[in-house]
Amino acid sequence: MSHIRLSTLASLGLVWGARTQPRWQVAAFATSWAAFSAATGSLTSAVLLPMSVLWVVWEAWPQHRVFLRWGVVGSVLGGVAAAAIWLQPVPLPSPSGELPEYTALGNRYTHAPKRELSEGGHRVYVLVCEQEWPEAWSDVSEVPLDFPNAQGFTNRDRLLRYLTSKGWPKDGEHIRRLLPAEVKAIENGATNATEARGLALRMRQLRREWEMWRDGGSPSGNAVLQRFAHWRAGIQAWKRAPLLGHGMGDTGLAMEESYREMGSSLAPQHRHRAHMQHLTWAVAGGLVAVLLWLGLGWSWWSAFRSTSRACLWGGAVVVLTCLFEDAWETQAGVVVSFLALLGASGDLASQNVEDRGLHG
């Protein structure tokens, strides 16, 4: 069960449960879900949780919807502004742009101020003097500098990031200043002097993915940015067969051809399908499939918007999860999606039975 499907189930449980359960239980559930999001670092959960809470509040206090509407608009604008500020390049150590040329030992630093990659709020590729690393590292550690771990990363790779996170120049003098506990942490895989877990770690990784992409690196293995490459390949595949698509069986081949045409920087093992169900249907069935899917969505909205808000939320959750993955391409995704649709429909059916009983 992936974090996307767990988040989907939690979203359904919170909104549907709010209709019948005491408010303190709903609040306890939302708090537990927030703790889960913080501990696991699930971005899907971090998106669905506030949306679910907003839906519950919207239904509970209809007299305050004008204020809620403006609150949502302000929150979205504030979030976009905060993200834009947060993703700005980290300033260089010297506002004037003048960086020291030599280390304390008289060796030359290398600087790449145009590269944006940072760690702990400091630029990685400035104040670097790898010439001094081997001797200095051997003074503080018995593990070779280029000894690889299971993922292929070496102490050299981690040392660069760790020293950067402390705001130190990456030279021999500062390597020798490392405490024994810090050296041991680097040997064990630490890349930042400040430990982070859960959502805090995921946000740190997300910023690093963004900066690596800005520096011209491959998005391979980066969960968020890699999806942009999937979507781009999906759009390219759709353009080649816009009306009827390539067919369900040839969707994978169409995506592979798009990656080749684009000269994608994604590694072969990361060249997946579109990772967005809406787009995958467009590749497979073209405009016809898209119109059928839109027709289903519109029919669902028209049928339930004034009769069952629970049904409406079930459909909305399915549409949202289809943005994050090919939700209907796996057995688990199909089960969760149809639970959202059929479970809500069952709730509406029971309401209709009660209504007929009351009026019979």
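The values are calculated or read from the model by the stated rules, or taken from the named source; none is laboratory data. Bear in mind the structure is a predicted one, so any value in this text is a computation, not a measurement. Backbone-built Cβ (ideal geometry, glycine too); neighbour counts: all protein chains shown.
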Checklist entry - Restricting attention to segment 276-320, which residues are more than 29 Å from residue 252 (Cα to Cα), out of contact with any Gly (no Cβ under 8 Å at 6 or more places or on another chain) and in a helix (DSSP H, G or I)? => result 299, 302, 303, 309, 310, 311, 312, 313
Item to check | Condition check for residue 135: farther than 16 Å from residue 184 by Cβ and in the same structural domain as residue 186 (by TED's automatic domain parsing) | outcome: yes
Item to check | The listed residue being within 24 Å of residue 203 (Cα to Cα) and either touching a residue at least 24 places away in the same chain (Cβ under 8 Å) or buried (at least 18 other Cβ atoms within 10 Å of the Cβ) (or both), out of 120, 152, 172 | outcome: 120
Item to check | Looking only at segment 321-331, and only at residues there that are of a type in the set (D, E, K, R) and part of a loop (DSSP other than H, G, I, E, B), the one that is farthest from the chain's Cα centre (by Cα) | outcome: 326
Next on the checklist: Going by what's in this entry, would residue 163 be described as touching a residue at least 12 places away in the same chain (Cβ under 8 Å), among the hydrophobic types (A, V, I, L, M, F, W, C), assigned to a loop (DSSP other than H, G, I, E, B) and crowded, with 16+ Cβ neighbours inside 10 Å?
Outcome noted: no
Next on the checklist: Exactly one condition in (1) closer than 20 Å to residue 108 by Cα; (2) surrounded by fewer than 20 Cβ atoms within 10 Å (Cβ to Cβ); (3) not aromatic (Phe, Trp, Tyr) is false for residue 184; which is it?
Outcome noted: (1)
Next on the checklist: Tell me which helices (runs of 4 or more DSSP H) are completely within segment 2-105 and hold 1 or more residues being crowded, with 16+ Cβ neighbours inside 10 Å and either in contact with a helix residue (DSSP H, G or I) (Cβ under 9 Å, 6 or more places away or on another chain) or free of Cβ contacts under 8 Å to residues at least 60 places away in the same chain (or both), or say none if there are none.
Outcome noted: 3-17, 23-40, 43-60
